[in-house]
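The values are calculated or read from the model by the stated rules, or taken from the named source; none is laboratory data. Since we're looking at a predicted model, the values are computed, not measured. Neighbour counts are summed over all protein chains in view; Cβ atoms, including those assigned to glycine, are modelled from backbone coordinates with ideal geometry. The area values use the complete protein model at the heavy-atom level, side chains included, leaving out ligands, DNA and RNA. Shrake-Rupley method; radii C 1.70, N 1.55, O 1.52, S 1.80 Å.
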Amino acid sequence: MTSTPAHPAPHPERPAAPGPGRVVVAHGGRSAPCRAAVRWASWEATRRGLPLRVNRHWTPAVPEAAELVVADARLLDTVSGSPCPVVLVPEEFGEPFLAEVVLGVDARDPAAGAAGFAFDTARRWGVRLRAVHGWRFPSCAAELPFGIPEEDRGAWEDHEVQLLSDALRPWREQCPEVEVLEDVRLLTPFQALVRRSASSGLLVVGRREPGGLGSVSRGLVHESRCPVAVVPS
């Protein structure tokens, strides 16, 4: 079944090469969770070929030269307004490891910043990108007197699959070297992403609110078992 995306897909661009002074900033102190964040930041800085800067105190000037900010997940409210991507590391996270990157996608309105960051990270790491789209039955399903016929369920799911494929097409064309698994789940976005976190290297979500996070992203930061990247639009 074919469909037309609800919104035209934005034209993706590869992130620009790091300019002079670009660094990875780790925000943390002496506690074990902060040390876990610094350890992950050091690992990622090495993969990006960038210097690491560790700041114990957060100020609005911290992210000005940063390509990426990394912090303990407990510091979510402190760093959530950063103008650059932020990676929140769970309190009990161990050694960093390479595993698939998971991108949370609203197939009807994909967040361009998050998609670009996820594809670029998967390319850098040399791993698969799993694009997860959660969906639910349309409101009319509740009015069906004898439950949902299998043919209706199949048609609705096919429609969601097509929406996700259409949403990802610009980035797949821009980064053909990245293996992509399109994963459509009859779950809430939160449920679908948390279930993937145990075996993932990184979850990536977008941040549309200019001053903070939505409820899904906030819940993921607290419940995810792997680091969560929050990328501004």
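Counting only residues that are open to solvent by 10 Å² or more (accessible area, probe 1.4 Å) and part of a strand (DSSP E or B), the range 116-133 holds 1 of them. If I go through the range 186-230 residue by residue, how many of them are closer than 16 Å to P85 by Cβ, in contact with a strand residue (DSSP E or B) (Cβ under 7 Å, 6 or more places away or on another chain) and open to solvent by 60 Å² or more (accessible area, probe 1.4 Å)? Total meeting the criteria: 0. Test A71 against the criterion of being in contact with a strand residue (DSSP E or B) (Cβ under 8 Å, 6 or more places away or on another chain), at pLDDT 95 or above and among the aliphatic types (A, V, I, L, M), and give yes or no. Judged against the criteria, A71 is not a match. Please pick out the residue among G113, G94 that is open to solvent by 20 Å² or more (accessible area, probe 1.4 Å) and touching a residue at least 60 places away in the same chain (Cβ under 8 Å). Of G113, G94, the one residue that is open to solvent by 20 Å² or more (accessible area, probe 1.4 Å) and touching a residue at least 60 places away in the same chain (Cβ under 8 Å) is G113. Screening A45, A66, A36 for residues that are closer than 18 Å to E95 by Cα, within 19 Å of the chain's Cα centre (by Cα), surrounded by 11 or more Cβ atoms within 10 Å (Cβ to Cβ) and modelled with pLDDT of 80 or more leaves exactly one candidate, A45.
Quick check: anything in the range 74-90 open to solvent by 40 Å² or more (accessible area, probe 1.4 Å) and closer than 19 Å to L202 by Cα? Yes, that holds for at least one residue. Summed over the range 105-132, residues that are in contact with a Leu (Cβ under 6 Å, 6 or more places away or on another chain) and modelled with pLDDT under 95 total 1.
Filter the range 23-40 down to residues that are part of a helix (DSSP H, G or I) and either over 20 Å from P85 (Cβ atoms) or in contact with a Pro (Cβ under 9 Å, 6 or more places away or on another chain) (or both), then give me how many there are. Spell out the reasoning first.
Within the range 23-40, the subset part of a helix (DSSP H, G or I) is 32-40.
Within this subset, residues satisfying the condition of being either over 20 Å from P85 (Cβ atoms) or in contact with a Pro (Cβ under 9 Å, 6 or more places away or on another chain) (or both) are 32-33, 35-37, 39-40.
Going through the range 23-40 one residue at a time, the tally reaches 7.
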